[in-house]
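Engineer: What follows is a structure written as structure tokens; I'll ask about it next.
The values are calculated or read from the model by the stated rules, or taken from the named source; none is laboratory data. Being a predicted model, the structure only gives us computed values, none of them experimental. All Cβ positions, glycine included, derive from the backbone under ideal geometry; neighbour counts span all protein chains shown.
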Amino acid sequence: MNGPLILLIILSLMGGFIAVPLDPVFGQSEEHHVSGLLHTFMVATPLIGIAISFLIFYTKTIPVEKLMGSSFAQTLHKFWNSGWGFDWLYDRLIVFPFLWLARINRADVIDGFYALVVEISRAANGMIIKTQTGYLRWYALSVAAGLMVLITLGVLL
């Protein structure tokens, strides 16, 4: 199991050094410069996170129980364990509007057309099923009548 993980680690670390000749596809682009303050913030943020983790878990100068006892930490813990609120957001932005549209569009014209096709099929089934009696003479009569219709059509056309 560790083999695929090691392979993924090596490819993710060294994959950036593999030069893929895509310059003709994408062409040249201008470099974007990051401001000094933003660059400092981007470097300092993970370092501060590492320092706080070191204080909490390695040196234990900040007790975890005290930290988790605060209401902010409990709210943050609940938020992170609920999938960062994406299920709530997905429901509000996609699922509920779709269900609302489906509810107001329940009896639309297109469904009415297909309901009419179903009713016509059921009525035709009700008439045709009366001809299926199980007696051989009726089947022979219907075959003979069909043959007569085909011969008549052949003569007339």
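Engineer: Could you please let me know if ALA102 is among the hydrophobic types (A, V, I, L, M, F, W, C) and surrounded by 10 or more Cβ atoms within 10 Å (Cβ to Cβ)?
Structural biologist: no
Engineer: Another question, if that's okay. Within the range 71-92, can you find the residues that are part of a helix (DSSP H, G or I) and either at positive phi or surrounded by fewer than 11 Cβ atoms within 10 Å (Cβ to Cβ) (or both)?
Structural biologist: Once the filter is applied, which keeps residues that are part of a helix (DSSP H, G or I) and either at positive phi or surrounded by fewer than 11 Cβ atoms within 10 Å (Cβ to Cβ) (or both), the range 71-92 yields SER71, PHE72, THR75, LYS78, TRP80, ASN81, PHE86.
Engineer: Consider only pairs whose beta carbons are under 6 Å apart and that are at least six residues apart or on different chains; among these, list those whose first residue lies in the range 11-37 and is hydrophobic (A, V, I, L, M, F, W, C) and whose second residue is surrounded by 10 or more Cβ atoms within 10 Å (Cβ to Cβ).
Structural biologist: Taking only residues 6 or more apart or on different chains, not a single pair turns up.
Engineer: Hey, another quick one. Among what's in the range 93-128 and is basic (Lys, Arg) and in a helix (DSSP H, G or I), pick the residue that is farthest from SER142 (Cα to Cα).
Structural biologist: Residue satisfying both the conditions and the ranking: ARG103.
Engineer: Any residue in the range 64-93 that is more than 20 Å from ILE52 (Cβ to Cβ) sitting within a Cβ distance under 8 Å of a residue that is in a helix (DSSP H, G or I) and among the hydrophobic types (A, V, I, L, M, F, W, C)? List the pairs, counting only those 6 or more apart or interchain.
Structural biologist: SER82/TRP88; GLY85/PHE79
Engineer: If you go through the range 59-72, how many residues are at pLDDT 90 or above and of a type outside the set (S, T, N, Q)?
Structural biologist: The qualifying residues number 1.
Engineer: What tally of residues in the range 129-157 results from selecting those that are in a helix (DSSP H, G or I) and either β-branched (Val, Ile, Thr) or touching a residue at least 40 places away in the same chain (Cβ under 8 Å) (or both)?
Structural biologist: Residues in the range 129-157 being in a helix (DSSP H, G or I) and either β-branched (Val, Ile, Thr) or touching a residue at least 40 places away in the same chain (Cβ under 8 Å) (or both): 7 in total.
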